[in-house]
There are 4 protein chains.
Amino acid sequence: IKKIGVLTSGGDAPGMNAAVRAVVRASIYYGIEVYGIYRGYDGLINDKMEELHVRSVSNILSRGGTFLLSARSEAFRTKEGRAKAYENFKARELDALVVIGGDGSFTGADIFSQEYDVPVIGIPGTIDNDLAGTDYTIGFDTACNTAREAIDKIRDTASSHDRLFFIEVMGRDAGFIAVNSAIGGGAVAMIVPEHNWSIDQLIKRLRKGAANQKASNVVIIAEGCKLGNAYDVAAKVKEQLDYFDIRVTVLGHLQRGGSPTTMDRVLASRLGVAAVEGLRDGQSKVMVGVINNRITYTPIGEAIKTVKRLDDDEFRIAKILSI
Amino acid sequence: IKKIGVLTSGGDAPGMNAAVRAVVRASIYYGIEVYGIYRGYDGLINDKMEELHVRSVSNILSRGGTFLLSARSEAFRTKEGRAKAYENFKARELDALVVIGGDGSFTGADIFSQEYDVPVIGIPGTIDNDLAGTDYTIGFDTACNTAREAIDKIRDTASSHDRLFFIEVMGRDAGFIAVNSAIGGGAVAMIVPEHNWSIDQLIKRLRKGAANQKASNVVIIAEGCKLGNAYDVAAKVKEQLDYFDIRVTVLGHLQRGGSPTTMDRVLASRLGVAAVEGLRDGQSKVMVGVINNRITYTPIGEAIKTVKRLDDDEFRIAKILSI
Amino acid sequence: IKKIGVLTSGGDAPGMNAAVRAVVRASIYYGIEVYGIYRGYDGLINDKMEELHVRSVSNILSRGGTFLLSARSEAFRTKEGRAKAYENFKARELDALVVIGGDGSFTGADIFSQEYDVPVIGIPGTIDNDLAGTDYTIGFDTACNTAREAIDKIRDTASSHDRLFFIEVMGRDAGFIAVNSAIGGGAVAMIVPEHNWSIDQLIKRLRKGAANQKASNVVIIAEGCKLGNAYDVAAKVKEQLDYFDIRVTVLGHLQRGGSPTTMDRVLASRLGVAAVEGLRDGQSKVMVGVINNRITYTPIGEAIKTVKRLDDDEFRIAKILSI
Amino acid sequence: IKKIGVLTSGGDAPGMNAAVRAVVRASIYYGIEVYGIYRGYDGLINDKMEELHVRSVSNILSRGGTFLLSARSEAFRTKEGRAKAYENFKARELDALVVIGGDGSFTGADIFSQEYDVPVIGIPGTIDNDLAGTDYTIGFDTACNTAREAIDKIRDTASSHDRLFFIEVMGRDAGFIAVNSAIGGGAVAMIVPEHNWSIDQLIKRLRKGAANQKASNVVIIAEGCKLGNAYDVAAKVKEQLDYFDIRVTVLGHLQRGGSPTTMDRVLASRLGVAAVEGLRDGQSKVMVGVINNRITYTPIGEAIKTVKRLDDDEFRIAKILSI
């Protein structure tokens, strides 16, 4: 391994810059040249890349987003697109590819690696935490804190007016952000994709909270929940609970941004170094992760297909605390 | 003046607690008993109030919302409601009333004061900054910072994806939050209620920014703007500018919460003390404010009726910086 | 178990309030009466306690410090003090005690439990993360973020002036906060109690960084490091590296405060519930912790005596990234 | 005016980047070429400068510090240094100079402008707010918020332990940061350079607070105060008030960093534009400022020599609220 490329792909996540920085510095530490590829796989297809140096990644540790830019590449889903990508990969004399992204990006990496026998390693960068093979993905902790800080602010006004707020948080089909920001934000209830809560169950919980004169007046709705979005759920609740002044807030894309937390920076730093070390050790078609605080390499296919389960214990605890 | 009541009314704003604290401590400093009235005018009508002491307002300086709770009182708009309120006012032997809120609350205060010849003083507490008689209202600076921090976060992800974001901020019929968070957030354009920007003008600006490869990709929409809400404006732009990946975020109620900034705490502290001192000096039917850094007492009627103008200079500067 | 007492003891940590809240709500959920004891063991000795209800712990989830107050009790180290404490414990008809604190507090709990055969369970609440039996202590994540945010700010000014800053962080005899805030803050070097770095090694690293024109210009010093405090280390470096403009900042007690992070709130919530459930299951003289994301009960004696080791991997990574 | 240079000089302040950005964009808006000069006057002396474009100042609005770097130039205090600077100024065909900094930097600008008849305009960038000719300097609002946030955190732990903290804040010979962070942080007392408080007065205040069981347990010491630094004052208080557990924290350089607040960004944006417009209008040897929300040009000599007075009203209010 003498020369590698690194790209960020799919939805951006806080800490992607820290991961790129770690890949760059670890590469240089081990005497490997490293190229930054812009706009995800599109940059590989269009040959938009340049060599990165120690100084190229100065002052990016603390910044949200990704200075390599990111995209969901339609072209890379086609055989022609990947052929073009491989052409540039060869022409640039790259020996391996580091892909920082989520499951969509890893699916592409897996296919590319199989088609052209190219060493590829994935680093889990997504706020959704929906990848098996790692306890936490880069960006998840920051997103949980961003969402919870917003919930803290909304609680201020909710408490001042005895209002009930339905707050929609991100997470696609996974409830990780929802569960953590609900417990962290002291929500009275949460609706997540993984559980089949009915409107009736929700209303029962809200009635009980009201009976206890509970100050908490926030319900967290995960974006992928089966009951519909936050507006839908709020409307259904309103039909039956007319004594609440109900409001809805969809937190939206602010959850993707912001300076990464210490935990995300440390995680990104560890995974970035471990990705380079993995490539040096001959790893390929794997995702590097941290399980029980140990660096782990999981076959990409497995990381994508396995559904990561929500912690039941946290769900139980949220219920106990919502009395 | 031996005994006064203080209440918070209307939409809550960060710094209301700091204002109550200042009213309480200044009262005690001057040997005046002070009663906290809960849930705005409703608390006066329902006699929900209690004496406040130095310790009652410990540890509230840094908290968002209002521990006295707030509401928009329908009952107080009726003659019967105000009669009931006056009954309790008399029964509690209150000599004056301090009302912390916005123009709706002040209208009520003004009528009440005229009907029953009760000394009333208003403290401007609203994030919208839409009250004449003061350069800044309590909560405005915090809201500008909360909105701008959210914009900073959204810019991270917007920049990573070359996306164009339409972000709707609060402010009712006034563009103060919009202008300040647009300049502070480096927006490429803003639409405020006070100006008659057309969709065509907006599109021209966006085209120019795109031509300059401008990194800024955020448009601020004030909630009261005439072109419609952020979704409406985004849809109209999308019809003509199909090369942008356009997203919308409505910041919503998180702008009302949060620990107040230093400026809002200092402002609330000054106004709270000045309200008590004003009552001692015989002021009534006035709103206390700060103009050019001096404490000023403005007749409530004037404060409500006068429309506070946006600073044209700031508008001009936003345009120059958006190139 | 029908009635329990809960106290916070020793140095305070962000998330202690969240832990008390969880203990209170879990107790009530399981039909157990719960008493809050003020100022740590002193409150037990002086019988300063009162029953806590669901409403008693409303709105404390987001607050730093501990509303039960904390202290290091000299009296509890004496046989007489503990006898007095037991007297009140009996008189109040308490069945068990939950102690939230660090190793000093747990030592007291252990002795008390042995002397009087009282069920006691410990919850690890300390920013230092220096307790075996749990991967993380409550307050550690918040302290790491607070320290790192301060480092981010100092880097702004350090970078603007080509200055070298020595920043001292807390952690007593453990380097956990130092390592995490050094990696997270992009420090060029760190000195921790667990490693025997010499001044010469530090100077070598700084020379190398300077040769690489490294932007990073921050050295993290753990308070318990053997080379002395930040001022000592800076002075020794200055003797040999006169081309740096060297400054020192001791972050100090601000690291103990602040609203807890999501992770600390979730951890505190889980441990608080698990403490009550442990008592119901007959656990005693144990500390509840989370190891590999599972709730674990460790004998208090073991938790105190075992020295928790720094992760060598993180140390290695810090070195690689500091090039 | 066809070509101008811009530099940042002296101690850095949050918002300097925003000011440079505004100078650059306003210049380009008006068809003026603009050069960024690195490391303050040293860059002029050593000819370290380069042309700045719209894209050069993308993404710097939100960053602390100054990307142009800053320094206190010894060489510029000498006739030879200034001669060298003028040589480069001429060789580069610059028509005017914009200096962002504090009084030291302005003194240099004033002399240079007089010696070589060069149009120079100053923009007040210093956290200390100690310049006449403007109500606020760039960086002051951010520093007040940074200091106050640190105080909020320290209060958490102070309140949990009934401790008394002496916190030293920056401001050189001026008490502006101290007064605002004391009122905003709810301090029981403050010692500022402008007032002759004795230790006895301070102790009297603390005794009164203790008698009132005041929760506030923070005293703010301005760095330039006549009673000595925070350690000195704490030691003197300790001699007479032995019932307090007294601690000291010196906030230090973190007050200089951090992402600027909305107010600082808006102020920097206005002043940056106004500086360019001032040069176009023939202004020279002036500092641009904002007085009563209006752009004002004050002769540099006057801005430096006039001592800006602390607002007595704020001092009075701090006293009333500290009961």
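The values are calculated or read from the model by the stated rules, or taken from the named source; none is laboratory data. Given the structure is predicted, the values throughout are model-derived calculations rather than measurements. Here the Cβ is made from the backbone with ideal geometry for all residues, glycine too, and neighbour counts use every protein chain on show. Only protein heavy atoms, including side chains, enter the accessible area calculation; ligands, DNA and RNA are left aside. Shrake-Rupley method; radii C 1.70, N 1.55, O 1.52, S 1.80 Å.
Return the sequence-ordered ³J(HN,Hα) values of region A:224-229 in whole Hz as given by the Karplus equation 6.51 cos²θ - 1.76 cosθ + 1.60 applied to θ = phi - 60°, using x for Gly and Pro.
With the stated coefficients, region A:224-229 comes to x, 6, 6, 7, x, 7 Hz.
So what is the accessible area of the protein assembly as shown per residue, in Å², with the probe set to 1.4 Å?
Heavy-atom SASA per residue in the protein assembly as shown reads 34 Å².
State the Cα centre-to-centre distance between region A:154-222 and region B:80-107 in whole Å.
Centre-to-centre distance over Cα atoms comes out at 36 Å.
I'd like the projected area of region D:210-302, averaged over all directions, using the convex hull of its alpha carbons. Report it in nm² with one decimal.
10.2 nm²
Peptide C:244-251: average number of partner chain Cβ atoms within 10 Å per residue?
Values: counts 0, 1, 0, 2, 3, 5, 5, 6.
Whole-number average of other-chain Cβ neighbours for C:244-251 is 3.
Where does the Debye-calculated log10 I(q)/I(0) of region A:118-161 sit at q = 0.18, 0.25, 0.33 Å⁻¹, using only Cα point scatterers of equal weight, no solvent?
-0.62, -0.83, -1.06
Within 10 Å of each Cβ of B:135-143, how many other protein chain Cβ atoms are there on average?
1
Under the Kirkwood approximation for Rh and a Cα-based Rg, what ratio Rg/Rh is obtained for region C:1-144?
In region C:1-144, Rg relative to Rh is 0.94.
In terms of the ratio Rg/(2.2 N^0.38 Å) built on C-alpha atoms, what value belongs to region C:249-313? Let's see the in-between values first.
Numbers: Rg = 14.9 Å, N = 65, 2.2 N^0.38 = 10.7 Å.
Rounded to two decimals, the normalised Rg is 1.39.
Can you give me the long-range amide H partners of residue D:287? Hydrogens built in the peptide plane at 1.01 Å from N, cutoff under 5 Å, separation of 5 or more residues or another chain.
Close amide H contacts, sequence-distant or interchain: D:122, D:298, D:300.
Along Cα-to-Cβ, 7 Å out, sits the label point; list in nm, shortest first, how far the one on residue C:301 is from those in the other copies.
For residue C:301, the other copies' label points sit at 5.3, 8.3, 8.3 nm, shortest first.
Tell me the label-point distance for the pair residue D:3, residue C:207, using the 7 Å Cα-to-Cβ offset, in nm and rounded to one decimal.
Calculated label separation equals 4.3 nm.
Mind computing the radius of gyration and Dmax over the alpha-carbon atoms of region A:103-233? Å is fine for both.
18.0, 64
Roughly how big is the protein assembly as shown's charge dipole about its Cα centre, with Cβ charges of +1 (Lys, Arg) and -1 (Asp, Glu), in debye to the nearest 20?
0 debye
Go ahead and estimate [θ] at 222 nm for chain A from helices alone: -39,500 (n - 2.57) per DSSP H run with n ≥ 4, summed, over the residue count, rounded to 500.
Details: 11 runs with 137 residues, N = 323.
Rounded to the nearest 500, it is -13500 deg cm²/dmol.
Roughly how large, in nm² to one decimal, is the mean projection of the convex hull of the alpha-carbon atoms in region A:141-202?
For region A:141-202, averaging the hull's shadow over all directions gives 4.3 nm².
If you take every DSSP beta bridge fully contained in chain D, what fraction is antiparallel? Give it as a percent rounded to 5. Walk me through the numbers before you get to the answer.
Numbers: 9 of 40 bridges.
Roughly 20 percent of the beta bridges in chain D run antiparallel, per DSSP.
Using the Kirkwood radius built from alpha carbon pairs, what does the Stokes-Einstein equation give as D for region A:145-293 at 10 °C and 1.306 mPa s, in µm² per second?
After rounding, the answer is 93 µm²/s.
Over the Cα atoms of chain C, what Rg and Dmax result, in angstrom?
21.5, 70
Excluding the sites themselves, what is the longest stretch of chain C that contains no trypsin sites (Lys or Arg not before Pro) in a DSSP loop with at most 11 other C-beta atoms within 10 Å?
In short, C:3-308.
Take the Cα atoms of region D:22-64, find their three principal axes, and give me the spread along each one in whole Å, biggest first.
Largest first, region D:22-64 extends 28, 27, 12 Å along its Cα principal axes.
Anyone know which of C:103, C:135, C:312 comes out most mobile in the 10 Å Cα GNM of chain C?
Top of the fluctuation ranking is C:312.
Amide H to amide H, which residues 5 or more places from residue D:4 or on other chains are under 5 Å from it, using H placed in the peptide plane?
Placed amide hydrogens put D:33, D:34, D:35, D:95 under 5 Å from residue D:4.
Using alpha carbons only, how many angstrom separate the centre of region B:22-53 from the centre of region D:2-67?
52 Å
Using a 1.4 Å probe on the protein heavy atoms, what percent of the accessible area of the protein assembly as shown belongs to carbon and sulfur?
C and S fraction of accessible area: 46 percent.
Would you please name the GluC sites (Glu not before Pro) within region A:37-146 that are DSSP coil residues with at most 16 other C-beta atoms within 10 Å of their C-beta?
In loop regions of region A:37-146 (DSSP not H, G, I, E or B), the sparsely surrounded GluC sites (Glu not before Pro) are A:74, A:93.
I'd like the Karplus ³J(HN,Hα) series for region C:132-139: coefficients 6.51, -1.76, 1.60, θ = phi - 60°, whole numbers in Hz, and an x wherever there's a Gly or Pro.
5, x, 7, 5, 9, 9, 5, x
Report the convex hull volume per residue for region B:1-83, counting only C-alpha atoms, in Å³. Intermediate results must be reported in sequence, preceding the final value.
Values: hull volume 6.6 nm³, N = 83.
Looking at region B:1-83, the number lands at 80 Å³ per residue.
Placing the label point 7 Å from Cα along the Cα-to-Cβ direction, what are the distances from residue D:232 to the equivalent spots in the other copies, shortest first, in nm to one decimal?
2.6, 6.4, 6.9
Any chance you could list P(r) for region B:85-147, counting all Cα-Cα pairs in 10 angstrom bins from zero, rounded to whole %?
22, 43, 23, 12, 1
To the nearest 20 debye, what charge dipole does region C:208-323 have about its Cα centre, counting +1 at the Cβ of each Lys and Arg and -1 at the Cβ of each Asp and Glu? List each step's numbers first, then the result.
Working: 17 positive and 13 negative charges, 22 e Å.
Value, rounded to 20: 100 debye.
Counting DSSP beta bridges in the protein assembly as shown, what percent are antiparallel, to the nearest 5?
20 percent
Which residue in chain D puts its Cβ closest to the axis that rotates chain D onto chain B, and at what distance in whole Å?
Residue of D nearest the axis onto B, distance in Å: D:292, 2.
Just to be sure I understand the rule: take each whole DSSP H helix in chain B, project its Cα atoms onto its long axis, keep it if the span is 15 Å or more and its mean Kyte-Doolittle hydropathy is at least 0.5. Which ones pass?
Within chain B the helices that satisfy the rule are B:16-29.
Taking amide H positions as placed in the peptide plane 1.01 Å from N, state which residues far from residue B:194 in sequence (5 or more) or on other chains have amide H under 5 Å from it.
B:175
Using the Karplus curve 6.51 cos²θ - 1.76 cosθ + 1.60 with θ = phi - 60°, work out ³J(HN,Hα) for each residue of region C:217-222 in order, rounded to whole Hz, and write x for Gly and Pro.
For region C:217-222, the Karplus curve yields 9, 10, 10, 9, 10, 6 Hz.
Suppose the Debye formula is applied to equal point scatterers at every Cα of the protein assembly as shown; what is log10 I(q)/I(0) at q = 0.04, 0.07, 0.09 Å⁻¹?
-0.22, -0.70, -1.23
List the accessible area buried at the contact between B and A, summed over both sides and calculated with a 1.4 Å probe, in Å² to the nearest 100.
The B and A chains share an interface burying roughly 2300 Å².
Hey, if you drop one equal point scatterer on each alpha-carbon of region C:157-240 and run the Debye formula without solvent, what base-10 log of I(q)/I(0) do you get at q = 0.15, 0.22, 0.27 Å⁻¹?
-0.48, -1.05, -1.48
For peptide B:4-13, how many partner chain Cβ atoms fall within 10 Å of a residue's Cβ, on average?
Shielding by partners across B:4-13 averages 1.
For chain C, modelled as a Gaussian network with Cα springs under 10 Å, which listed residue fluctuates most, C:167, C:154, C:100?
In this elastic network of chain C, the residue with the biggest mean-square fluctuation among C:167, C:154, C:100 is C:154.
Inter-copy label distances at residue B:56, 7 Å along the Cα→beta-carbon direction, one decimal in nm, shortest first?
Result for residue B:56, in nm, nearest copy first: 2.3, 6.0, 6.4.
Need one value: the accessible area of residue C:49 in square angstrom, 1.4 angstrom probe, rounded to the nearest 10.
Number for this one is 20 Å².
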